[in-house]
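Only one structure is covered here, and it is reproduced in the block below.
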Amino acid sequence: MAKIRDAGKSRQNILAAAETEFAEKGFYGARVDEVAVQAGINKRMIYAYFGDKEGLYKQVLFRVYARMEDVERELVEQQYSGTELIEKIISAYFQFLKSNPTFVSILMWENLNKGRYLQEIESSRIERATIRYFVGALEEGKASGLFRPEIDSWQTVISLITTCFANFSNQYTLSKLFHTDLGSEAVLEQRRKHTTDLILAYLCKDSKEDS
């Protein structure tokens, strides 16, 4: 039993070290030797658990996506809807991205590689049922008259995700350009509120339209 626990702990140590290494250097720059050093484990154990460097990287990709899905699943379980759901999604994304800088970096590296390794992971392992829930909630909002009937629900979910993500993927360049610190608590809170206002202004019917 102790060996099983030790094996599980070793795997988690390897994945944690690999996540940091891939986030800092990308797939091509990362070294398995360095992962082994940081995990405090023999390099041969990494190959025994994950096969090769690609296998390790794909498992890290799956791991960071699963972490995001956990956040989304909590929102679904709370059964939020309408404008409250939009506000909760944006707040949850901002908090998650702020707390998981390695997630941001790894996705940026993967996009530079045109999603090469993500494409090789089985879709069932990374597709998120929560996304369909969000789309369904937008459709319900349209049907009830809360949201404008002409909005594209799928495009709206994509825009919501990318708008939140850009605050973190472009944090350093935009901080320089606008002479501010987009990583500070105060500015992130301003960005969260503005993003929420922006999305809701697009979604919600203007009372003037009904007058």
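The table that follows gives values for the structure above.
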| item | result |
| --- | --- |
| Extended-chain gain in nm, criterion 0.36 nm per residue less alpha-carbon gap, TRP154 and VAL135 | 6.2 nm |
| Simple Cβ-charge dipole of region 1-157, Lys/Arg +1 and Asp/Glu -1, about Cα centre, in debye nearest 20 | 660 |
| Derived scalar couplings ³J(HN,Hα) [region 88-94; Karplus, 6.51 cos²θ - 1.76 cosθ + 1.60; whole Hz; x for Gly, Pro] | 5, 4, 4, 4, 5, 5, 4 |
| Largest-first principal axis extents, alpha carbons of region 142-211, Å | 43, 25, 18 |
| Counted charge near CYS164, where neighbours are those whose Cβ lies closer than 13 Å (Asp, Glu -1; Lys, Arg +1) | +3 |
| For the chain: span of alpha carbons on each principal axis (Å, largest first) | 71, 43, 31 |
| Quotient of C-alpha Rg and 2.2 N^0.38 Å, computed over region 1-51 | 1.12 |
| Farthest toward positive dipole pole in the chain [+1 Lys/Arg, -1 Asp/Glu at C-beta], among TYR202, ASN42, THR20 | ASN42 |
| Cα-based reach from LYS205 at 17 Å (exclusive), listing lysines while leaving out same-chain residues under 8 positions away | LYS142 |
| Distant-in-sequence amide H partners of PHE147 (H built 1.01 Å from N, under 5 Å) | LYS142 |
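Where a number appears in this text, it was derived from the coordinates with a stated rule and is not lab data. These figures come from a predicted structure and were not determined experimentally. Don't worry about glycine lacking a Cβ; one is built from the backbone with ideal geometry, like all the others, and counts go over all protein chains shown.
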